[in-house]
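Comments concern the structure below.
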Amino acid sequence: MEKIPMTAEGLEPLKAELQQLKVTERHAVIKAIAEAREHGDLSENAEYHAARERQSFIEGRISELEDIISRADVIDLTKLSGTTVRFGASVTVADVETDEEITYQLVGPYEADLKKHKISVQSPLGRALIGKTIGDTAEVSAPGGSKGYEVLKVKFK
């Protein structure tokens, strides 16, 4: 079983979603199925089929979350330091062509959120940045061609 690197901050929403599905959603869908059964003929009962489909989704998501959580390798970011880019680092990069600067934090695949400037270590940019130090250039293959990013700052929280 392959471990999944994750921050404690990234693990919490997954645990909360699992709890919500198990405690609230699972019971609500069971109740909906029971109510739909009371309406008679199940072969033409759209409410019943929708509730069963919802139940299937919920059970699948519960299994997926349990698997992710069981394989989570929580990394304590407070114990990390240095100038080499690795998991948990906040990296400020500059586009080599436009000099536009942006800061990303490298996180696990299940906590990546581009709107919050968190990218997965498994993303093309994340993979290109791993192991780089200040002043290094990372080349990333993009649909529009290759892009270069210069590492300006590396910081650990």
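A compact table of results
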quantity: Residue check for Thr92: part of a helix (DSSP H, G or I), closer than 30 Å to Tyr149 by Cα and among the β-branched types (Val, Ile, Thr); calculated: no
quantity: Matching residues in region 38-77 - criterion: being hydroxyl-bearing (Ser, Thr, Tyr) and either crowded, with 16+ Cβ neighbours inside 10 Å or touching a Pro at 6+ places or on another chain (Cβ under 9 Å) (or both); calculated: Tyr48
quantity: Count of residues meeting criterion [modelled with pLDDT under 95 and surrounded by 13 or more Cβ atoms within 10 Å (Cβ to Cβ)] in region 90-106; calculated: 2
quantity: Failed criterion for Ser43 (all others in (1) assigned to a helix (DSSP H, G or I); (2) hydroxyl-bearing (Ser, Thr, Tyr); (3) under 30 Å from Lys118 (Cα atoms); (4) over 23 Å from the mean Cα position of the chain (by Cα) hold); calculated: (3)
quantity: Qualifying residues in region 1-37 (those that are outside any helix (DSSP H, G or I), of a type outside the set (Val, Ile, Thr) and surrounded by 13 or more Cβ atoms within 10 Å (Cβ to Cβ)) - the one farthest from the chain's Cα centre (by Cα); calculated: Pro5
quantity: Top-ranked residue in region 62-88 [being touching a Leu at 6+ places or on another chain (Cβ under 8 Å) and outside any helix (DSSP H, G or I); ranked as farthest from Arg26 (Cα to Cα)]; calculated: Val85
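To keep it simple, each residue is scored yes or no on (1) closer than 30 Å to Val121 by Cα; (2) modelled with pLDDT under 95; (3) basic (Lys, Arg).
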site	(1), (2), (3)
Lys3	yes, yes, yes
Leu11	yes, no, no
Lys15	yes, no, yes
Leu18	yes, no, no
Leu42	no, yes, no
Ala46	no, yes, no
Ile58	yes, no, no
Ser63	yes, no, no
Ile68	yes, no, no
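Here's the yes/no breakdown for (1) outside any strand (DSSP E or B); (2) under 17 Å from Thr83 (Cβ atoms); (3) at pLDDT 95 or above; (4) of a type outside the set (Phe, Trp, Tyr):
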site	(1), (2), (3), (4)
Ile119	no, no, yes, yes
Gln122	yes, no, no, yes
Ser141	no, no, no, yes
Ser146	no, no, no, yes
Glu150	no, yes, yes, yes
Val154	no, yes, yes, yes
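The values are calculated or read from the model by the stated rules, or taken from the named source; none is laboratory data. Computed from a predicted structure; not experimentally measured. As a convention, Cβ positions derive from the backbone with ideal geometry for all residues, glycine included, and neighbour counts pool all protein chains shown.
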